[in-house]
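S.K.: This is the structure I have questions about; it appears just below.
The values are calculated or read from the model by the stated rules, or taken from the named source; none is laboratory data. From a predicted model like this one, the values you see are computed outputs, not experimental measurements. Here the Cβ positions follow ideal geometry from the backbone for every residue, glycine too, while neighbour counts run over all protein chains shown. Ligands, DNA and RNA are stripped out before the accessible areas are found, and what is left, the full protein with its side chains, is counted by its heavy atoms. Shrake-Rupley method; radii C 1.70, N 1.55, O 1.52, S 1.80 Å.
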Amino acid sequence: MSGPKDSRISLEEMRRREMERRRREELERKRREAERRRLEEEARRKRVKDLQDSIACSSRELDTALGCGREQLSGLKKKIAEFGVAPTAEYQKLTRDVEEVAQEIVTVRARDAATENEQPLRDILADFQKVSDKFRRVLDDTPRVLASITAAYTEKLTSEIAELAASLAEEEKRRREAAKEEQIRKAEREIRERDEKLRQEREAALSEISEMETLFRKTVSGREAPSEVQDEIDALESMLRAAEKGGHNAEYLRSFAAISLAPRLSAIGKKLADYENLKRDYGILSDEYLAVCQEAGVAPKTFPVSKTSLNFMKAEIDVIQQTLAKRDAERYISNAINEVMEEMGYRLMGGLRERPAGIVKSGLYRFNDSTAVSVTYDSNGDMCMELGALDTEDREPDVQEAASLKRDMESFCAGYRRIREKLAEKGLVIHEGIELPPDTEYAQVFNLSDYDVADADYREAEQNRNRSISVTGQENALRHLSYDGEQ
């Protein structure tokens, strides 16, 4: 029985699992390599970001310290105006030193802190530290400058008292001088106590805000934030700057810290943590998605970092993996058919030049000098084997040729059974299908013009056709001669 054969073929379950395991192991290796490169780059960027954040923090701290220094100079200047004395040498030196430090801050800040190189950033941070230490030493002279102004004021008052004492009695002079000196001491003491109290209260409030700012920097440092959270971070940073430079009293600053800063800082920290978890999951899934796209030769789509994107990527990965599994199975089946047909001695002549939709494999295998076996396999797993004559044009076989093809079909039956056995040895399960018996009804002619075959095969088919035409013509002539002789 060797008429057209129509059956289903698929991968053996054990072989399909082995192929699936190997493919997943390769994908996992690629994903881990991509993850390793991504983590190394993120670590370097984090170090650079930390240095840039430290430089920015040092710059802000120097701005704050410079503002405090200038406030102290302003206070000393008011003292000079209040006391009506000339600026002392100590005051002038302090003024020059403060402005010198301010210029050094400008110089250091002008350097490029946006570079991605770590060493220049470390150098800038070290220079900021040097300027900070110098400015701290400059401000340590403030008590001595205040003492010099007080001394000048005392000297002035003493001079004034001396002038008055000349017109008064010696005893009145001493009394007035003592009274003035006591008044001076009391005024200085009250001024110092009042200023110190206000300074301590404001510094305590600013310290509380500074602690919140430190926590804020620690919370956002080196962490990527989505645009909506970054807007909240920028708004909170503006609020911190306004609080530090606004000159508000201690009571306002404490209320501001408790009511405005603390709740916002807590909310931002939670949102950043949620985003980092989402980004980590996105990175892992994205690496897997890129790996399967590369394996399948598919251009990967771009997905934003979001929970919805995770679901989309999972769905894409499932679809691509199913496609890969189906592709691998089809390739294996096609190669197995070629190998078995070659082993059986059926040489592959070629395949259809234009395969119909859904056909995975088409092959024409030489059976004998004038016939071949056509094998087709589609995407549904259906396989069909048909035997036919060879020619270079479309035609139907004549009666004699159909009878010859029937005999070839009968000869192919044993070969077909052996083909099935060899395919089974390669892990291909051939399910029960339609096996039609040899019959002239199924005789057909394959047009080699429809196949991508070698020139030698094509010329051989033309020669066979010409010989067949010649033999047929001679037989017809002999029949005519026989008929005339009888008459």
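S.K.: Assess whether residue 376 counts as being β-branched (Val, Ile, Thr) and more than 23 Å from residue 358 (Cα to Cα).
M.R.: It is false that residue 376 is β-branched (Val, Ile, Thr) and more than 23 Å from residue 358 (Cα to Cα).
S.K.: Separate question: Could you list, in sequence order, all residues of segment 430-454 that are under 23 Å from residue 335 (Cα atoms), open to solvent by 60 Å² or more (accessible area, probe 1.4 Å) and not charged (D, E, K, R)?
M.R.: 431, the sole residue that qualifies.
S.K.: Another one. So, of the residues in segment 362-400 that are open to solvent by 10 Å² or more (accessible area, probe 1.4 Å) and among the β-branched types (Val, Ile, Thr), which turns out to be nearest to the chain's Cα centre (by Cα)?
M.R.: Taking the candidates together, the pick is 376.
S.K.: Oh, and also: Looking at segment 277-296, which of the residues that are farther than 14 Å from residue 312 by Cα and of a type in the set (S, T, N, Q) is surrounded by the most Cβ atoms within 10 Å (Cβ to Cβ)?
M.R.: Residue satisfying both the conditions and the ranking: 294.
S.K.: If you don't mind, there's one more thing I want to ask. Take the residues in segment 127-140 that are under 29 Å from residue 87 (Cβ atoms) and loosely packed, with under 15 Cβ neighbours inside 10 Å, then tell me which one is farthest from the chain's Cα centre (by Cα).
M.R.: 140
S.K.: Let me ask you something else. Which of the residues spanning segment 301-356 are in a loop (DSSP other than H, G, I, E, B), among the β-branched types (Val, Ile, Thr) and touching a residue at least 12 places away in the same chain (Cβ under 8 Å)?
M.R.: 305
S.K.: If you don't mind, another one. Looking at segment 29-41 only, could you name the residues that are touching a residue at least 12 places away in the same chain (Cβ under 8 Å) and over 16 Å from residue 282 (Cα atoms)?
M.R.: 30
S.K.: Looking only at segment 283-300, which residues are under 13 Å from the mean Cα position of the chain (by Cα) and not in a helix (DSSP H, G or I)?
M.R.: 300
S.K.: Does segment 375-389 contain at least one residue that is over 30 Å from residue 11 (Cβ atoms) and in a helix (DSSP H, G or I)?
M.R.: The answer is no; no qualifying residue exists.
S.K.: Hey, any hits in segment 339-361 for a residue that's of a type in the set (Lys, Arg), buried (at least 16 other Cβ atoms within 10 Å of the Cβ), closer than 30 Å to residue 15 by Cα and at pLDDT below 85?
M.R.: Checking segment 339-361: at least one residue is of a type in the set (Lys, Arg), buried (at least 16 other Cβ atoms within 10 Å of the Cβ), closer than 30 Å to residue 15 by Cα and at pLDDT below 85.
S.K.: Applying the selection to segment 365-408, what residues are at pLDDT 90 or above, closer than 30 Å to residue 325 by Cα and touching a helix residue (DSSP H, G or I) at 6+ places or on another chain (Cβ under 8 Å)?
M.R.: 365, 373, 375, 385, 386, listed by residue number.
S.K.: Select from segment 49-74 the residues that are open to solvent by 40 Å² or more (accessible area, probe 1.4 Å), among the small types (Gly, Ala, Ser) and within 26 Å of residue 143 (Cβ to Cβ) and list them in ascending order.
M.R.: 74
S.K.: Go through the residues of segment 75-88 one by one and say whether even a single one is crowded, with 17+ Cβ neighbours inside 10 Å and farther than 19 Å from residue 188 by Cβ.
M.R.: Within segment 75-88 (the criterion being crowded, with 17+ Cβ neighbours inside 10 Å and farther than 19 Å from residue 188 by Cβ), the answer is no, since none of the residues qualifies.
Let's see how each residue does on (1) in a helix (DSSP H, G or I); (2) open to solvent by 40 Å² or more (accessible area, probe 1.4 Å); (3) modelled with pLDDT under 75:
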{"residue": "15", "(1), (2), (3)": "yes, yes, no"}
{"residue": "18", "(1), (2), (3)": "yes, yes, no"}
{"residue": "21", "(1), (2), (3)": "yes, yes, no"}
{"residue": "29", "(1), (2), (3)": "yes, yes, no"}
{"residue": "47", "(1), (2), (3)": "yes, yes, yes"}
{"residue": "98", "(1), (2), (3)": "yes, no, no"}
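S.K.: With respect to residue 396, is the statement that it is in a helix (DSSP H, G or I) and over 17 Å from residue 340 (Cα atoms) true?
M.R.: Considered against the rule, which asks whether it is in a helix (DSSP H, G or I) and over 17 Å from residue 340 (Cα atoms), residue 396 comes out as no.
S.K.: Can you confirm whether segment 102-125 contains a residue that is touching a Gly at 6+ places or on another chain (Cβ under 9 Å), at pLDDT below 80 and either open to solvent by 80 Å² or more (accessible area, probe 1.4 Å) or within 30 Å of residue 152 (Cβ to Cβ) (or both)?
M.R.: Checking segment 102-125: at least one residue is touching a Gly at 6+ places or on another chain (Cβ under 9 Å), at pLDDT below 80 and either open to solvent by 80 Å² or more (accessible area, probe 1.4 Å) or within 30 Å of residue 152 (Cβ to Cβ) (or both).
S.K.: Mind checking whether some residue in segment 69-82 is part of a helix (DSSP H, G or I), acidic (Asp, Glu), closer than 30 Å to residue 48 by Cα and within 60 Å of the chain's Cα centre (by Cα)?
M.R.: The answer is no; no qualifying residue exists.
S.K.: So, one more: Check whether at least one residue in segment 154-172 is under 30 Å from residue 71 (Cα atoms) and exposed (fewer than 12 other Cβ atoms within 10 Å of the Cβ), and report yes or no.
M.R.: Yes: one or more hits.
S.K.: Moving on. Condition first: open to solvent by 50 Å² or more (accessible area, probe 1.4 Å) and in contact (Cβ under 8 Å) with a residue 40 or more places away in the chain. Now tell me which residues in segment 3-13 satisfy that.
M.R.: Within segment 3-13, 6, 8, 12 meet the criteria.
S.K.: Determine the pairs where a residue that is farther than 13 Å from residue 5 by Cα and touching a residue at least 24 places away in the same chain (Cβ under 8 Å), located within segment 405-416, has a partner that is open to solvent by 10 Å² or more (accessible area, probe 1.4 Å) and in a helix (DSSP H, G or I) with Cβ atoms under 7 Å apart, the partner being 6 or more residues away or on another chain.
M.R.: Matching pairs, first to second residue: 406/440.
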